[in-house]
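Have a look at the structure below before the remarks.
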Amino acid sequence: MAADPVRLGDPVRGVELPVEPCGMEVLAEAVEGEPPLVGEERDPPEHALPTECDRLRVDLGGDRRREEDGSGRQLGLADRAVPRQAEGVRLTHPGRRASCDRIDRAGAGASTAGGDERRGGDERQGKRAHPASLPRSLGYARAMATSTAQNFQNFIGGEWVDAASGETFESTSPANGETIGIFPRSGVEDVDRAVAVAKEAFAEWRLVPAPKRGEILFRLARLLEQEKGALTDLMTHEMGKVKAEAGGDVQEAIDITYYMAGEGRRLFGHTTPSELRDKWNMSVRQPIGVVGAITPWNFPVAIPSWKLIPALVCGNTVVLKPATDTPALAERFVELLAESGIPNGVVNIVHGGGTTVGERLVRHPDVRVITLTGSRETGVEVLKAAAETLTHVHLELGGKNAIVVLDDADIELAVDGILWSAFGTSGQRCTAASRVIVQRGAYGALQSALVEHVEKLRLGPGWEDDTDIGPVINRAALDKIDSYTAIGKDEGAKLLTGGEIAGDGDLGKGFFYRPTIFADVDPQMRIAQEEIFGPTTALIPVADLDEAIHVSNGIKYGLSSSIFTQDVNAAFRAMRDLEAGITYVNAGTIGAEVHLPFGGTKDTGNGHREAGQAALDVFTEWKSIYVDYSGRLQRAQIDTEA
Ligand code: NAD
């Protein structure tokens, strides 16, 4: 059958799937009601299908894919890459076939080779077919182009740009040292530019109806679902988590995005009666302005999402500074945001160090909110720096979390909970169980069961199926963890297992530490007080529940806590008395769900919470509105009726 050319205004109903690798991708998203039209600029604009672009991706969305593809088979991600042939891209509409005659291949990094070959070529040249290189006229389509080549840029005002200085840094895998990518080492000038465009974009974004902002975020959630496999794989390489946990990290981002996108249709305020007649009172949430989001490496997709998504649905604009250990994941997240239809300038990413990019963000007079997840020490620095400009500061900091195991606990269940909480993510979670407080009747059995299980855990790269424990993030972390083993021994704690760097075979290429358990730990020892942030936990024997709660609370942090017991009275006392933002009963210290507030007491933060409805308080300010329809002056507190 002869192919008709795709023209502006053609409806997009289906696609013919690729049989060849391609370097082109077109986004065409099926929507309720009328299908998108080729070249149409809709709001949101990605419903338009550009006739010229460097990369084509077709997404018909959820189950509709099966129907509209016409073949009856479910399409996978790879299927949606449409082949870029020498002559163009072919699309099939139900009942007829059409093809693009020609693809404008302008743009650095695009080659005539097929996708894989092209990526290989770019990698060798250190070049990247970046959105910035696509024709300007394509607008949002610029952000759709992706590549696995090595050079990455900042995203400022909808454009992909290098650092003003031209300087770069490298992201490498903690598992084997492989290069993940080269990123801009930005400075003050780059931050200032990003804040300026974010400030300008705020003027318009705050006026976009919140349900419409939410719709864009729903599209992001779907994109995240489609990209979950690729993001998971990238995370095992760049951050080092094992596959299941990396998938969980991405899932957390999907969950918060769906949850917060729905908030676009709520963002509830209050109406209240007035103390005066013929008067109407209400309070509404208002966006604040430019948000500076500073994130750590340990949840490289989830944590940026926990900050950006509520900030955006509330109507703020954002400059994200991700950790320098995981820039590729943050970058990919921002690319997907751009792909979902976020207008230029609303989301920006500036890569670089904490004391340069981070500190400038914190001190910038036009940044109205700083949301930081990081160590206690960084939190203190940020709080001090933000004082000068009275910037709102939201801090999610460290933890030294404890699991309490009482004599009546189900020991097997407790062992499972401890293994997961102490050694999951190689202990690099703010909620990791780095203390286990055990009533003496259960102490011996628990010790031997733990050691037996821990010694069976397999260390390895996160991307290998049988790996239980991945690497720690970098050399400094490895050295710090090892130094705490020496500290624990010096303090007189009994090393039950682990306590050394694992360097045998391929493990020597990365930063691997053997899971470590100390027993007979005194609650005041440094290994029981300080955040180690590695696969090390301390067993502390106690006499009873009172002592357990006293020891659990005897630290400066207050993030997560847990108790294993069959006694409902003990459980309720623990729920009331453990000084922590989170308490689990008969579960480990990790496993937060996005619709509940997340955060800690004491030095874990400054009283705010991430996730749940509580997050909205970080990213909005309350405005109280009084409407007097009496037609006369009524003075509150003065013109009162008897
Ligand atoms: P970190 O404090 O070293 O860095 C966090 C971020 O802050 C990074 O992006 C860093 O570049 C930036 N930064 C550093 N100094 C800065 C400065 N002076 N001004 C502005 N920004 C600065 O933390 P990390 O090593 O990336 O992460 C591990 C820490 O994060 C642990 O303490 C962990 O408990 C904590 N954490 C807390 C939570 C939570 O929700 N409470 C979650 C995850 C991690």
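The values are calculated or read from the model by the stated rules, or taken from the named source; none is laboratory data. These numbers come from a predicted model, not from an experiment. Every residue, glycine as well, gets a Cβ built from its backbone with ideal geometry; the counts of neighbours run over all protein chains shown.
For LEU507, which of the numbered conditions (1) in contact (Cβ under 8 Å) with a residue 24 or more places away in the chain; (2) surrounded by fewer than 16 Cβ atoms within 10 Å (Cβ to Cβ); (3) not basic (Lys, Arg) fails to hold?
(2)
Table: residues versus (1) exposed (fewer than 15 other Cβ atoms within 10 Å of the Cβ); (2) at pLDDT below 95; (3) of a type in the set (S, T, N, Q); (4) within 22 Å of GLU377 (Cα to Cα).
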{"site": "ARG475", "(1), (2), (3), (4)": "yes, no, no, yes"}
{"site": "ALA502", "(1), (2), (3), (4)": "no, no, no, no"}
{"site": "ILE532", "(1), (2), (3), (4)": "no, no, no, yes"}
{"site": "LEU539", "(1), (2), (3), (4)": "no, no, no, no"}
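Taking the stretch 408-429 as the region of interest, how many residues are assigned to a helix (DSSP H, G or I), more than 16 Å from the ligand (Cβ to nearest atom) and either under 19 Å from the mean Cα position of the chain (by Cα) or surrounded by fewer than 24 Cβ atoms within 10 Å (Cβ to Cβ) (or both)?
7
Between a first residue in the stretch 287-304 that is farther than 30 Å from ALA244 by Cα and a second residue that is small (Gly, Ala, Ser) and not in a helix (DSSP H, G or I), which pairs have beta carbons less than 9 Å apart while being 6 or more apart in sequence or on different chains?
PRO287/GLY315; ILE288/GLY315
Can you run down the residue pairs with Cβ atoms below 8 Å, 6 or more apart or on separate chains, where the first is in the stretch 234-249 and touching a residue at least 40 places away in the same chain (Cβ under 8 Å) and the partner is surrounded by fewer than 23 Cβ atoms within 10 Å (Cβ to Cβ) and aromatic (Phe, Trp, Tyr)?
Going by the 8 Å Cβ cut-off, the qualifying pairs are THR236/TRP463; HIS237/TRP463; LYS243/TRP463.
Among the residues of the stretch 330-342, what is the count of those that are more than 16 Å from the ligand (Cβ to nearest atom) and in a helix (DSSP H, G or I)?
Looking only at that region, the number is 7.
Restricting to the stretch 561-616, and then to whatever is of a type in the set (D, E, K, R) and within 16 Å of the ligand (Cβ to nearest atom), can you tell me which residue is farthest from GLU531 (Cα to Cα)?
For the stretch 561-616, the residue satisfying everything is GLU593.
Here are some residues: VAL346, VAL350, VAL334. Which one is more than 18 Å from LEU223 (Cβ to Cβ) and not assigned by TED's automatic domain parsing to the domain that holds PHE511?
VAL350
Give me the residue from the stretch 263-295 that is closer than 16 Å to ALA311 by Cα and charged (D, E, K, R) and, out of that set, nearest to the ligand (Cβ to nearest atom).
This residue is GLU263.
Please go through the stretch 357-407 and pick out each residue that is of a type in the set (Asp, Glu), over 22 Å from the mean Cα position of the chain (by Cα) and within 8 Å of the ligand (Cβ to nearest atom).
Matches in the stretch 357-407: GLU381 only.
Select from the stretch 612-632 the residues that are in a helix (DSSP H, G or I), closer than 30 Å to ASP577 by Cβ and not charged (D, E, K, R) and list them in ascending order.
Once the filter is applied, which keeps residues that are in a helix (DSSP H, G or I), closer than 30 Å to ASP577 by Cβ and not charged (D, E, K, R), the stretch 612-632 yields ALA614, ALA615, LEU616, VAL618.
Return the total of residues in the stretch 314-323 being within 10 Å of the ligand (Cβ to nearest atom), assigned to a loop (DSSP other than H, G, I, E, B) and touching a strand residue (DSSP E or B) at 6+ places or on another chain (Cβ under 6 Å).
0
Looking at the stretch 463-481, I want the residues that are part of a strand (DSSP E or B) and have a partner that is within 13 Å of the ligand (Cβ to nearest atom) with Cβ atoms under 8 Å, at least 6 apart or on another chain. Which pairs are those?
That search, which allows pairs on different chains as well, returns ILE469/SER426.
Quick check on the stretch 599-611. Is at least one of its residues in contact with a Phe, Trp or Tyr (Cβ under 9 Å, 6 or more places away or on another chain), farther than 18 Å from HIS270 by Cα, in contact (Cβ under 8 Å) with a residue 60 or more places away in the chain and part of a strand (DSSP E or B)?
Yes; the residues of the stretch 599-611 include at least one that is in contact with a Phe, Trp or Tyr (Cβ under 9 Å, 6 or more places away or on another chain), farther than 18 Å from HIS270 by Cα, in contact (Cβ under 8 Å) with a residue 60 or more places away in the chain and part of a strand (DSSP E or B).
Might you check whether a residue that is in contact (Cβ under 8 Å) with a residue 40 or more places away in the chain and on the phi > 0 side of the Ramachandran plot occurs anywhere in the stretch 490-504?
Yes - at least one qualifying residue is present in the stretch 490-504.
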